[in-house]
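The structure under discussion appears below in the form of structure tokens.
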Amino acid sequence: MSRTSDRPALQLRSLIKPNGELEVSLVDVPTPSPGPDEVLVRVEATPINPSDLGLLFGAADMSTIRSSGTQNRPVITARVPDGAMKAMAGRLGASMPVGNEGAGTVVEAGSSAAAQALLGRTVAVLGGAMYSQYRCVAAEQCLLLPEGATAADGASCFVNPLTALGMVETMKREGHRALVHTAAASNLGQMLQRICTADGIALVNIVRKAEQVELLKGIDARWVYNAASPTFMQDLVDALAATGATIAFDATGGGKLGGQILSAMEAAAGRDAKEYSRYGSNVLKQVYLYGNLEPGPTEFVRNFGMTWAMGGWLLFPFLQKIGPAAAQALKKRVAAELKTTFASSYAREVSLAEALQPGLIAVYGQRNTGAKFLINPNRGVAGG
Ligand SMILES: NC(=O)c1ccc[n+]([C@@H]2O[C@H](COP(=O)([O-])OP(=O)(O)OC[C@H]3O[C@@H](n4cnc5c(N)ncnc54)[C@H](OP(=O)(O)O)[C@@H]3O)[C@@H](O)[C@H]2O)c1
């Protein structure tokens, strides 16, 4: 068990008060001293992923943002609309640390051999509360980065890489042979394309802008379609018929896209039908909603027969389902291909205080292609 010392260190906290005010601030927390099997990591790179944004700002209306405090200790406030407060009930009044994953240097280690072996090394951690100057974690929670890899190289080596690999694994385990992915120019989408190219799997990518089609074609994507194109549905049906893709992972979640994919899968299956059935094709058409980029309701016209499923997909339950050995095999592949298949790109590196500047929140809060930010919690901090 870790003990706490007197050394204070910065940590970012997000609080939604019962009166509907979001407050994001930096607080001093004691730096833990590692127990025998633990290490203390100085966090040097931690990404602002879409899932982190969900915890960071909750359901707040960011057009109401206000900034106060000082340059080094900024405080951000914003209003959570009354209609969204019900969904925030579970976190009201709780000051929550943020940041799923990150990487840094092990600056102290407990007495065990496993902990001592990490002293001075650069490791990645999936530990939560990573928007902190220091994190004390079990040595076994750390992924030792390969020689020469920086904290920035390893900052995003859990969530997106394991999710991309998890999609391919889910496809295989559930008996499909090709897959569909939306918001496909994302960091995760580019990883998925590189995995599919390497593993010879057909991947149908859906994006929403012409330049995203070019970006994916630039990394050897064969099937890329712009949902804004007038020929989108016809192009999609042709691609699904050619590839046999019957499983999709939709990052938008809300809106019409998930339903359009099911409709296109049904139309593609109908091309091979030997006879008419009023229940539609008997091919299972599966859409997993795995993101929430489009926050409105999920809408669909039920014109895809009776053999279909739509559900949620989340990394952590998936890893639990496949068990530690299979999960370890996926992590091993990520470590081996960290700078190639699983490389992430960032628009900018910022300090914890800079991450709370309204002008920068307006940029990274958009979740646009190539606009992901990396926080270095020790940047610009005395002793950091
Ligand atoms: N379920 C899980 O376990 C799990 C795990 C990891 C990641 N995820 C999800 O995976 C997705 C990608 O993550 P990432 O870190 O790779 O993202 P990222 O690099 O920040 O890229 C986000 C992408 O989403 C697109 N986008 C944003 N809003 C959109 C909308 N309303 N409709 C369509 N496209 C939109 C952006 O395109 P524009 O430039 O056009 O805005 C951009 O290409 C996120 O939704 C994240 O929550 C889920």
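The values are calculated or read from the model by the stated rules, or taken from the named source; none is laboratory data. A quick note: this is a predicted structure, and the numbers were derived from the prediction, not measured. Counting neighbours? That spans all protein chains shown, and the Cβs are built from the backbone with ideal geometry, glycine included. Heavy atoms of the whole protein, side chains included, go into the accessibility calculation; ligands, DNA and RNA do not. Shrake-Rupley method; radii C 1.70, N 1.55, O 1.52, S 1.80 Å.
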*Provide a single number: the residues in the stretch 362-384 that are within 16 Å of the ligand (Cβ to nearest atom), in a loop (DSSP other than H, G, I, E, B) and in contact (Cβ under 8 Å) with a residue 12 or more places away in the chain.*
6
*Considering only the stretch 44-63, state which residues are open to solvent by 30 Å² or more (accessible area, probe 1.4 Å), within 16 Å of the ligand (Cβ to nearest atom) and touching a Ser or Thr at 6+ places or on another chain (Cβ under 8 Å).*
Leu55
*Give the residues of the stretch 289-318 that are within 11 Å of the ligand (Cβ to nearest atom), open to solvent by less than 60 Å² (accessible area, probe 1.4 Å) and either among the small types (Gly, Ala, Ser) or at pLDDT below 95 (or both), sorted by residue number.*
Gly291, Gly296
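Here's the yes/no breakdown for (1) open to solvent by less than 70 Å² (accessible area, probe 1.4 Å); (2) in contact with a Leu (Cβ under 6 Å, 6 or more places away or on another chain); (3) part of a helix (DSSP H, G or I); (4) more than 16 Å from the ligand (Cβ to nearest atom):
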{"position": "Gln320", "(1), (2), (3), (4)": "no, no, yes, no"}
{"position": "Ala325", "(1), (2), (3), (4)": "no, no, yes, yes"}
{"position": "Phe342", "(1), (2), (3), (4)": "yes, no, no, no"}
{"position": "Leu360", "(1), (2), (3), (4)": "yes, no, yes, no"}
*Take the residues in the stretch 130-176 that are open to solvent by 20 Å² or more (accessible area, probe 1.4 Å), away from the ligand (no atom under 16 Å from the Cβ) and aliphatic (A, V, I, L, M), then tell me which one is farthest from Ala202 (Cα to Cα).*
Ala138
*Sole residue being touching an Asp or Glu at 6+ places or on another chain (Cβ under 7 Å), over 29 Å from Ala269 (Cα atoms) and modelled with pLDDT of 95 or more, chosen from Leu374, Leu352, Leu338*: Leu374
*In the list Gln366, Gln357, which residue meets the criterion of being polar (S, T, N, Q), modelled with pLDDT under 95 and within 25 Å of Leu53 (Cβ to Cβ)?*
Gln366
*Among the candidates Asp199, Asp250, Asp220, Asp238, which residue alone is closer than 19 Å to Arg302 by Cα, modelled with pLDDT of 95 or more and acidic (Asp, Glu)?*
Asp250
*From the list Ala309, Ala347, Ala326, which one is under 19 Å from Asp153 (Cβ atoms), out of contact with any helix residue (DSSP H, G or I) (no Cβ under 6 Å at 6 or more places or on another chain) and aliphatic (A, V, I, L, M)?*
Ala347
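A quick yes/no check of all residues on (1) aromatic (Phe, Trp, Tyr); (2) surrounded by 14 or more Cβ atoms within 10 Å (Cβ to Cβ); (3) in contact with a Lys or Arg (Cβ under 7 Å, 6 or more places away or on another chain):
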| residue | (1), (2), (3) |
| --- | --- |
| Ile65 | no, yes, no |
| Thr77 | no, yes, yes |
| Gly83 | no, no, no |
| Gly90 | no, no, no |
| Ala114 | no, yes, no |
| Gly120 | no, no, no |
*Find all pairs meeting these conditions: Cβ atoms under 9 angstrom apart; at least six residues apart or on different chains; first residue within the stretch 134-151 and without any contact (Cβ under 8 Å) to a residue 40 or more places away in the chain and on the phi > 0 side of the Ramachandran plot; second residue open to solvent by 30 Å² or more (accessible area, probe 1.4 Å) and not small (Gly, Ala, Ser).*
Gly148/Lys339
*Does Lys331 qualify as being within 16 Å of the ligand (Cβ to nearest atom), under 18 Å from the mean Cα position of the chain (by Cα) and part of a helix (DSSP H, G or I)?*
yes
_Which of the numbered conditions does Gln141 fail, given that it passes all the others? Conditions: (1) closer than 24 Å to Ile322 by Cβ; (2) modelled with pLDDT of 95 or more._
(2)
*Assuming Leu40 fulfils every condition listed in (1) touching a Phe, Trp or Tyr at 6+ places or on another chain (Cβ under 7 Å); (2) open to solvent by 10 Å² or more (accessible area, probe 1.4 Å) apart from one, which condition is it?*
(2)
